[in-house]
1. Quick test for you: out of Ala273, Ala322, Ala256, Ala299, pick the one residue that is surrounded by fewer than 22 Cβ atoms within 10 Å (Cβ to Cβ), hydrophobic (A, V, I, L, M, F, W, C) and touching a helix residue (DSSP H, G or I) at 6+ places or on another chain (Cβ under 6 Å).
2. Answer with yes or no whether Ala317 is in contact (Cβ under 8 Å) with a residue 60 or more places away in the chain, outside any strand (DSSP E or B) and more than 11 Å from Cys286 (Cβ to Cβ).
3. Out of all the residues in region 315-358, which are over 18 Å from Pro237 (Cβ atoms) and polar (S, T, N, Q)?
4. I'd like the residue in region 156-173 that is open to solvent by 10 Å² or more (accessible area, probe 1.4 Å) and over 25 Å from Cys82 (Cβ atoms) and, out of all such residues, is nearest to the chain's Cα centre (by Cα).
Amino acid sequence: MSALALHTFHTRLGASFTKINGAEIVAHYGDPLAEHAALRQAAAVLDLSSRGRLCVLGRDRERFLNGQVTNDVRALRPGQGCYAALVNAKGRMEGDAFIYRLAEEFLLDGEPGCGPALAQRLARFVIADDVQIADAAPHYGLWSVQGPQAAAVVGSLGLNGEPPMRPLSFSTHQHPAFGVLYVMNQPRVGLPGFDLFVPRSAMEAVGERLLAAAGAHGGRLAGWEALETARVESGIPRFGADMDSTTLPPEAGLGAHAISYTKGCFIGQEVLARIRTYGHVNRTLCGLRLADELTELPARGDVLLKNGREVGHITSAVRSPAWKANLALGYVHRDHNTVGTMLTLRSRAGESPVQITL
């Protein structure tokens, strides 16, 4: 398992740990409900350094990367970012990333533990290109501040200028104590939010400053459980949970914000273009409300039925403090995916009703 660089720091603050794709991450600090409340109502500070961080450099970096991902990175200017999927020739997903254009490189931010796989996927297609793929994780960690008071908390660092206000835009700051920081406007769960790429040597000092500022605004440190709960509440899919190597991006609702149909050739482009022009996908990711009386949440893969026939399956499930309900995400066949449709969940706990809500 790849351990968090600040493992001792988090242990001192009462952290319990889990792992995602072999990478260590804080699960919670003893009170996931309070952490979720802070995220929803004030500000949550999260160490997301387990996420993959790659830099794509070299003279051909723009042309190369544009041919590897579903979105149009050529349209980005320094200080801008986008979200994109990586797919194979059949249009099935092999990963995803937030992509930011720096002055001399592209920075890719991927799911926890997926950095090596993402690097291998890209390197496989570097033939005669002047392209280098470098792991940024040994040099930069990642703090994230999510919630209504996120901008105020980030502002406490004394950066020159305001935090970027447009989603997936970013600003670069030379801090006298911390070095060069990159601040990304990154609303990870549908609320205001910022990611801070911080030199590894300054991670603990920046974390202490953010924690103090969050406390002054009613916030606190939070772990993966609070973030995942808010993600499912907001209906946002995650690669490795709701998307995998069997997924076509349009099935997960990524067409509108992750795929450019006009930028020209990229791996998988023909398949995705045909889906958009001539056809449809046979299933879509839906938000689901489970039965209130469930004592055990369903597992990934548990089936959804309509009139006794299998029409889908669960991908993620949480107990939602915000909605005071059991919520899930799951794929449902296009014949039965209308909001309001009632389905039946079959899980280890037996059968129970499910309603499509998103």
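1. From the options Ala273, Ala322, Ala256, Ala299, the qualifying one is Ala322.
2. So Ala317 fails the test.
3. Asn326, Thr338, Thr341, Thr344, Ser347, Ser352, Gln355
4. Ser156
Quick grid of which residues meet (1) out of contact with any strand residue (DSSP E or B) (no Cβ under 6 Å at 6 or more places or on another chain); (2) of a type in the set (S, T, N, Q); (3) within 13 Å of Ala84 (Cα to Cα):
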position: Ser245; (1), (2), (3): yes, yes, no
position: Pro249; (1), (2), (3): no, no, yes
position: Ala258; (1), (2), (3): no, no, yes
position: Gly264; (1), (2), (3): yes, no, no
position: Ile275; (1), (2), (3): yes, no, no
position: Val281; (1), (2), (3): yes, no, no
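The values are calculated or read from the model by the stated rules, or taken from the named source; none is laboratory data. Since this is a predicted model, take the numbers as computed values, not measurements. Using ideal geometry, Cβ is built from the backbone for each residue, glycine included, and neighbour counts are taken over all protein chains shown. Note: areas computed on protein heavy atoms with side chains; ligands, DNA, RNA excluded. Shrake-Rupley method; radii C 1.70, N 1.55, O 1.52, S 1.80 Å.
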